[in-house]
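The values are calculated or read from the model by the stated rules, or taken from the named source; none is laboratory data. Because the structure is predicted, anything quoted here is derived from the model rather than measured. Note that each Cβ is placed from the backbone with ideal geometry, even for glycine, and that neighbours are counted across all protein chains shown. Surface accessibility is based on the protein's heavy atoms, side chains included, excluding ligands, DNA and RNA. Shrake-Rupley method; radii C 1.70, N 1.55, O 1.52, S 1.80 Å.
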Amino acid sequence: MKLLKNDYYENIGIGDIHAKVLAGERLSREDGIRLFDCPEPLAIGSLAHQVRTRMHGDKAFYVINQHINYTNICVNGCVFCAYQREEGQAGGFVLSIDEALAKIDSSLTPREIHIVGGCHPKLGLKYFEELLNAIKVRIPNVVLKCFTAVEIAHFAKIEETTTINVLLRLNKAGLDMLAGGGAEIFNPYIREQICPRKSTAKEWLAIHEEAHQLGMKTNCTMLFGHIESHEDRIDHLVRLRESQDRGGGYTCFIPLPFLTENSQLSIEKPLTGLEELRTIAISRLMLDNISHIKAYWVMLGVKQAQAALKFGADDFDGTVVEEKIGHEAGATSEQGLSRTELEEMITGCGCTPVERDGFFNEI
Ligand code: V47
Ligand code: SF4
């Protein structure tokens, strides 16, 4: 990709931000907001691409992985969520341990298994310990990236213990990393409207920082394109960046565009494709201390995920196999992709596919 000339950035009013990016200097909150206001999304994409290329060259990572959603019954009832069911409601499910284990595709030999679910009112830690143990017996080297901080807070509540204890017990049972979900948007006024019963931003950040103190890695996310403002997005990214400065345990950031189908949250203006790409690019530029930005093809769609690899993202996630949260909300992507398909998607947009494990070690 040809780089745009310096005077181009001057002419569109972001010459100083371009200079900071070239010098590897941290962008301020105000810089981030100006990047949203800038009339040229391609210029923002080009800046993010320079950073992504400096960090990873033309590599785009992927992983042979599998998602397992153990239940959709959840006490939180977030307004945006199309996946959740109440206990006893039609369509609700809870997988038994055997059913969850039977989901594992043995022909795949996954390097990473991603397990998340709703906050079920009765599922206690024993269920999860047994599940994680059983998976590690079957596939000892797999990275278990499971549970959002919101689930960890919920387990602590129903077990009447601390979140540290929950993390320690699950870690002992085989948990390697926390998944990044549940962060949504940190602004408490927005949270109050879209997920009033969920852990607060402070609690979410504290649980991730506890995991980091225990030596565990975690991912982080941002749900955007609903009722939040650009300022809320930048504030969210800055709080993640500050949290990373304190602990350093975030491996990857996943920007999640809000999918509107079957959701009770009505929004004024749906996201455009360019707004999604701009937000991904600004995430790359603001999160100077988080190594990887994921183009999560499930939510973005594969073509937009390919474009995202030129707008600051460097990871294409993986084979996934079966996904429910985005698909209940209208994701039109496949349920899973094969290794060949992933590699073709990546080479198709001029990047070099690199297989990784769950910790982002190259294979
Ligand atoms: O926390 C729910 C989001 C998240 C919708 O850690 C929605 O590697 C869009 O966090 N439209 C779960 N998003 C998914 C997630 C994730 C996915 C892949 C990898 C990783 C990782 C994490 O999905 C939830 C919520 O923020 N979500 N409903 C919706 N309608
Ligand atoms: Fe429950 Fe997660 Fe859906 Fe919220 S987003 S209702 S916590 S499953």
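Before moving on, here are some points about what is shown:
- Neighbours by Cβ (under 9 Å, 6+ apart or cross-chain): first from the stretch 212-235, within 15 Å of ligand 2 (Cβ to nearest atom) and open to solvent by 10 Å² or more (accessible area, probe 1.4 Å); second assigned to a helix (DSSP H, G or I) and of a type in the set (A, V, I, L, M): LEU223/ILE194; HIS226/ILE190; HIS226/ILE194
- Tally, over the stretch 105-123, of residues that are at pLDDT 95 or above and not in a strand (DSSP E or B): 9
- Filter result for GLU130 (within 16 Å of ligand 2 (Cβ to nearest atom), among the charged types (D, E, K, R) and either over 22 Å from THR200 (Cα atoms) or open to solvent by 40 Å² or more (accessible area, probe 1.4 Å) (or both)): no
- Given (1) over 30 Å from SER283 (Cα atoms); (2) in contact (Cβ under 8 Å) with a residue 40 or more places away in the chain; (3) in a helix (DSSP H, G or I), index of the condition ILE152 fails: (1)
- Just one of the listed residues (GLY77, GLY117, GLY92) is more than 29 Å from LEU277 (Cβ to Cβ), in contact with a Lys or Arg (Cβ under 6 Å, 6 or more places away or on another chain) and among the small types (Gly, Ala, Ser), and it is GLY92.
- Filtering the stretch 173-211 to residues that are of a type in the set (D, E, K, R), in contact with a Leu (Cβ under 8 Å, 6 or more places away or on another chain) and within 16 Å of ligand 2 (Cβ to nearest atom) leaves only GLU184.
- Residue among VAL94, VAL79, VAL142, VAL63 that alone is in contact with a Gly (Cβ under 9 Å, 6 or more places away or on another chain) and within 16 Å of ligand 2 (Cβ to nearest atom): VAL94
- Number of the condition not met by ASN65 [criteria: (1) open to solvent by less than 10 Å² (accessible area, probe 1.4 Å); (2) over 20 Å from the mean Cα position of the chain (by Cα); (3) of a type outside the set (Asp, Glu)]: (2)
- Residues of the stretch 82-104 that are in a loop (DSSP other than H, G, I, E, B) and either touching a residue at least 60 places away in the same chain (Cβ under 8 Å) or open to solvent by 60 Å² or more (accessible area, probe 1.4 Å) (or both): ALA82, TYR83, GLU86, GLU87, GLY88, GLN89, ALA90, LYS103.
- Filtered residue count, the stretch 7-24, keeping only those that are more than 12 Å from CYS38 (Cβ to Cβ) and in a loop (DSSP other than H, G, I, E, B): 1
- Cross-chain or 6+ apart pairs with Cβ under 7 Å, the stretch 69-80 first and farther than 18 Å from ILE152 by Cβ, then within 13 Å of ligand 1 (Cβ to nearest atom) and not in a loop (DSSP other than H, G, I, E, B): VAL79/ILE194; PHE80/ILE194
- Residues that are small (Gly, Ala, Ser) and closer than 25 Å to ALA134 by Cα, drawn from the stretch 168-227: ALA173, GLY174, ALA179, GLY180, GLY181, ALA211, GLY215
- Each residue in the stretch 320-335 was checked for being away from ligand 2 (no atom under 13 Å from the Cβ) and surrounded by fewer than 19 Cβ atoms within 10 Å (Cβ to Cβ), and 5 of them qualify.
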